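Participant: Attaching a single structure in structure tokens format; questions to follow.
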Amino acid sequence: MDRQNCNNRNECLIIAIASSVVIGIVSAVLTITGIITVTPAFLWVVFGIAVVYLLTAYIISSLRRYDTPRCSKSIISAFIAGIMGAILISVILLGITFPATSALGAVLVGLLLLSLSLIITTISCLVLGNLTNDN
């Protein structure tokens, strides 16, 4: 039965990664065509969200007195990757100005929104796994 629980979490992780990639690609296309633009205020908000999630994850991990369930480790790794990606890309986009329809800027915006959606979807997977008591 433990294997089935891991498969459910892995399925959630696959869906989270796939949906994040789709969001990243769509946002890159919309950015390159000039339909959406990313403002510095949005970049600061994404940076703040990622830093708060990173600090929260650090505090929770330091307070836990038991091991992380085996099935959650891949989801947590994807969560941390999303946090680090959002922090890194938002800092790059804040530091360097790109023209509105720049290909490199559009790719970075796509990666930024991929990272942000990865944070949100992996947290959803972790909450869903905890609600169903899968370990």
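Participant: If each of Thr37 and Lys73 carries a label point 7 Å out from its Cα toward its Cβ, how far apart are those two points in nm?
Facilitator: The modelled label-to-label distance comes out at 4.7 nm.
Participant: While we're on this one: Express the accessible area of the chain per residue in Å², computed with a 1.4 Å probe while the remaining protein chains stay in the model.
Facilitator: It amounts to 60 Å² per residue over the chain.
Participant: Quick one: pull the percent of accessible area on segment 31-104 belonging to carbon and sulfur, 1.4 Å probe, ligands and nucleic acids left out.
Facilitator: That fraction is 72 percent.
Participant: Based on Cβ point charges of +1 for Lys and Arg and -1 for Asp and Glu, what charge dipole magnitude is obtained for the chain about its Cα centre, in debye rounded to the nearest 20?
Facilitator: Around 220 debye, computed over the chain.
Participant: Okay, next question. What's the percent breakdown of Cα-Cα distances in segment 44-109 across 5 Å bins, shortest bin first?
Facilitator: Histogram of Cα-Cα distances, whole percents per bin: 3, 15, 20, 20, 15, 11, 8, 5, 3, 1.
Participant: Moving to a separate point now. Just going by the charge dipole of the chain, with Lys and Arg at +1 and Asp and Glu at -1 on Cβ, which of Ala78, Ala18, Leu94 is farthest out on the positive end?
Facilitator: Among Ala78, Ala18, Leu94, the one farthest towards the positive end of the dipole of the chain is Ala78.
Participant: Compute the orientation-averaged projected area for segment 78-118 from the convex hull of its Cα atoms and round it to one decimal in nm².
Facilitator: Average of the hull's projected areas for segment 78-118 equals 2.5 nm².
Participant: So what is the relative contact order of the chain, in percent, for Cα pairs below 8 Å that sit 6 or more residues apart?
Facilitator: 46 percent
Participant: Among all helices in the chain defined by DSSP H, which have a length of 20 Å or more along the axis from Cα atoms plus a Kyte-Doolittle mean of at least 1.0?
Facilitator: Qualifying helices, which must be both long enough and hydrophobic enough, are 40-63, 73-95, 103-131.
Participant: Additional query: Over all alpha-carbon pairs of the chain, lay out the pair-distance distribution in 5 Å bins, whole %, shortest bin first.
Facilitator: Histogram of Cα-Cα distances, whole percents per bin: 2, 11, 18, 20, 17, 12, 9, 6, 4, 1, 0.
The values are calculated or read from the model by the stated rules, or taken from the named source; none is laboratory data. Keep in mind it's a predicted model, so treat the numbers as computed, not measured. Glycine also receives a Cβ, built like all others from the backbone with ideal geometry; neighbour counts cover every protein chain displayed. SASA here: full protein model, heavy atoms, side chains in, ligands and nucleic acids out. Shrake-Rupley method; radii C 1.70, N 1.55, O 1.52, S 1.80 Å.
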